[in-house]
Amino acid sequence: MTYAASTHGVEVPVYDFGGNGPPLLLAHATGFHGHVLEPLARRLGEHFHGYAFDERGHGDARTPVGIEFNWRGFADDALAAVDALGLQRPFGFGHSAGGAALLMAEQLRPGTFRAIFCFEPIVIPVASPMGRGDNPLSEGARRRREVFPSRDDAYENFASKPPFSVLHPDVLRAYVDHGFADEDDGSVRLKCHRDDEAEVYRGMGAHEAFARLGEVHCPVTIVCGEHTDAIGPAVVPPPCPTPPPTSCPASATSARCRTPTQSRRWS
């Protein structure tokens, strides 16, 4: 395992999943870790060479005790992974917080990514009702069970209830196999502490990614799920109207913004 030095004393592990084609950096959602994206990287292996990393507070990231989980830090972790892996203008895929991390990384260092594909990125206005404080995601994280007798018990537990029950079995297995640490008594404990996960969710509107979308000039595709039980699309206005004016954060001649249940693409 290789570690990349990020900010605030954080060291993030980086993973090379192999494949053929241009580099693709995959960034995971809050509460997950880089190995969760390995099945996707393998699936795309005929077209891309996949890489991933564990964000601070997740997986095997070395995170100083008491660190504040500022969302800017996730962008720093993404840039640290790009540098450590020596990636030249990779494509980016980000899920939820991972999507926000890649967009913020591009804002911080324009030209880092060739294009970014985001699945439900947490990029919302600060004034949004979900912007700060407790919300369904933070409350759910605080209730998450952290200790199980074994990894198999953890797998069966998560496979039986949403939202984990909708994951592909290979993804859920990767989540459990790499997301739990062995305890001395033989039990396993979740590596991403539930209070840390909840704190990340509480601050999901405290970053400036939404306000600075105009600074992202690489092609971006945003995809949203058709159904949700936590955050509906109504809390986030479309990033640009249809048809987009020249002030839209993209080329006005080719940018497209669709309904929340479809993809939104800036190019």
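Determine which residues of region 2-20 fall in the zone a paramagnetic label at residue 62 would reach in this model, i.e. backbone nitrogen under 17 Å from the point 7 Å along Cα→Cβ.
It comes to 2-15, nothing else.
Compare the Cα positions of 69, 138, 111 along the charge dipole of region 36-167 (+1 at Cβ of Lys, Arg; -1 at Cβ of Asp, Glu; about the Cα centre) and return the one farthest towards the positive end.
111
Out of region 102-201, which trypsin sites (Lys or Arg not before Pro) are coil in DSSP terms and have no more than 13 other C-beta atoms within 10 Å?
143, 145
What per residue convex hull volume, in Å³, comes out for region 14-69 when only alpha-carbon positions are used?
Working: hull volume 3.7 nm³, N = 56.
Value for region 14-69: 67 Å³ per residue.
Determine, from the Cβ-Cβ distance of residue 144 and residue 215 and an R0 of 51 Å, the FRET efficiency 1/(1 + (r/R0)^6), rounded to the nearest 0.05.
0.90
Tally the DSSP beta bridges in region 74-204 and give the antiparallel ones as a percent, rounded to 5.
Around 50 percent antiparallel, to the nearest 5.
Take the alpha-carbon centre of region 164-182, take the same for region 132-159, and report the distance between them in whole Å.
Rounded to whole Å, the Cα centres lie 12 Å apart.
Just need log10 I(q)/I(0) for region 70-178 at q = 0.12, 0.15, 0.19, 0.21 Å⁻¹, Debye formula, equal scatterers on the alpha-carbon atoms, no solvent, rounded to two decimals.
-0.58, -0.85, -1.09, -1.14
Consider a paramagnetic label point 7 Å from the Cα of residue 43 along Cα→Cβ; state which residues of region 197-224 have an amide N under 19 Å from it.
Only 221-224 fall inside the zone, counting backbone N under 19 Å.
Given Cα positions, please report Rg to Rh for region 1-155, the hydrodynamic radius being the Kirkwood one.
The Rg/Rh ratio comes out at 0.97.
What order, most packed first, do the peptides 37-50, 61-74, 84-97 have when packing is the mean number of other Cβ atoms within 10 Å of each residue?
Numbers: 37-50: 19.0, 61-74: 16.2, 84-97: 21.1.
Ranking the peptides 37-50, 61-74, 84-97 by packing returns 84-97, 37-50, 61-74.
Hey, how many Å between the Cα centroid of region 192-217 and the Cα centroid of region 29-105?
14 Å
Please give the net charge around residue 182, taking every other residue with its beta carbon less than 11 angstrom from that of residue 182, where Lys and Arg add +1 and Asp and Glu add -1.
Counting the neighbours of residue 182, the net charge comes to 0.
Coordinate-derived values only; no laboratory data. Given the structure is predicted, the values throughout are model-derived calculations rather than measurements. Don't worry about glycine lacking a Cβ; one is built from the backbone with ideal geometry, like all the others, and counts go over all protein chains shown.
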